[in-house]
1. Hey, among the residues in region 114-154 that are buried (at least 17 other Cβ atoms within 10 Å of the Cβ) and small (Gly, Ala, Ser), which one's nearest to Asn14 (Cα to Cα)?
2. Would you check which residues across region 46-58 are touching an Asp or Glu at 6+ places or on another chain (Cβ under 9 Å) and either without any contact (Cβ under 8 Å) to a residue 60 or more places away in the chain or of a type in the set (Asp, Glu) (or both) and list them?
3. Within region 58-81, can you find the residues that are within 18 Å of Phe166 (Cα to Cα) and buried (at least 23 other Cβ atoms within 10 Å of the Cβ)?
4. Under 9 Å by Cβ, and 6 or more places apart or on different chains, what pairs join a residue from region 69-82 that is of a type in the set (Val, Ile, Thr) with one that is in a helix (DSSP H, G or I)?
5. I'd like to check which helices (runs of 4 or more DSSP H) are fully inside region 1-113 and have at least 1 residues that are of a type in the set (Ser, Thr, Tyr).
6. Return the residues of region 2-21 that are crowded, with 17+ Cβ neighbours inside 10 Å and either modelled with pLDDT under 95 or in contact with a Gly (Cβ under 9 Å, 6 or more places away or on another chain) (or both); say none if nothing qualifies.
Amino acid sequence: MNIHIIRHGQTSYNVLGLCNDNPARHVYLTMEGIAQAERAAKQLSAVPFEVIFVSQLPRTRQTARFINDYHKVRIIECEELNDIRSGFDGKPVEEYFAATGRDRFNIVPPGGESLRQFQRRINAFIDVLLMEVYENILIVAHEETMRVFAARFNGLTLREVESLAFGNCEHLSFQVDNRLKHSA
């Protein structure tokens, strides 16, 4: 299975440095975010995706639609792929980091989840995904999600990838051998 994961395009909240983990909040791509999604769509146009998975946040669906113009495949919305629940939706990212900065792995902000809880949620999604029979999939998600994928498929601890930064519409790919699970 070839797993491609891309971060969504730029949003106004990215520009303003605000948290957004509430799917009901209408946070959409900026003009730059649209241009990023269009460039990513062209770069990925030759990959024969069979399905696209997105989080419930509008910015991932919007990015996926641009990419899907070249593929015309099913887009599946997955709550499990939602961004980390910060407990600071609509508030400055600096406030979130100030509240969790000394131990983001274990501190659970009010109304949020720890990085460790988020990692378990994303890894559970990956476990289910690896039971599927796909050759090429695309996941449009968030920076923290990309860190978990990088940790999982590059054999790194979350602490080792914590300093990794992924720009808007940055793309990673992983080739995963899940055939053994399907040959029994």
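1. This residue is Ala141.
2. Glu50, Gln56
3. First pass over region 58-81, keeping only residues within 18 Å of Phe166 (Cα to Cα): 59-60, 63-64, 81.
Within region 58-81, Arg59, Thr60, Thr63, Ala64 qualify.
4. From residues that are of a type in the set (Val, Ile, Thr), the pairs are Ile75/Arg61; Ile75/Ala64; Ile75/Arg65; Ile75/Asn68.
5. Details: elements: 12-16, 31-43, 58-68, 93-100.
Of the helices (runs of 4 or more DSSP H) lying wholly inside region 1-113, those with at least 1 residues that are of a type in the set (Ser, Thr, Tyr) span 12-16, 58-68, 93-100.
6. Going through region 2-21, the residues crowded, with 17+ Cβ neighbours inside 10 Å turn out to be 3-11, 13-14, 18-21.
Arg7, His8, Gly9, Gln10, Thr11, Tyr13, Asn14, Leu18, Cys19, Asn20, Asp21 - these are the residues of region 2-21 that are crowded, with 17+ Cβ neighbours inside 10 Å and either modelled with pLDDT under 95 or in contact with a Gly (Cβ under 9 Å, 6 or more places away or on another chain) (or both).
Conditions (1) within 17 Å of Cys19 (Cβ to Cβ); (2) touching a residue at least 40 places away in the same chain (Cβ under 8 Å); (3) in contact with a strand residue (DSSP E or B) (Cβ under 7 Å, 6 or more places away or on another chain), marked per residue:
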| residue | (1), (2), (3) |
| --- | --- |
| Phe105 | no, yes, no |
| Val108 | yes, no, no |
| Gly111 | yes, no, no |
| Gln119 | no, no, no |
| Asp127 | no, no, no |
| Ala141 | yes, yes, yes |
| Glu162 | no, yes, no |
| Glu170 | no, yes, yes |
| Ser173 | no, yes, yes |
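The values are calculated or read from the model by the stated rules, or taken from the named source; none is laboratory data. Here the structure is a predicted model, which is why all the values come from computation and not from measurement. Counting neighbours? That spans all protein chains shown, and the Cβs are built from the backbone with ideal geometry, glycine included.
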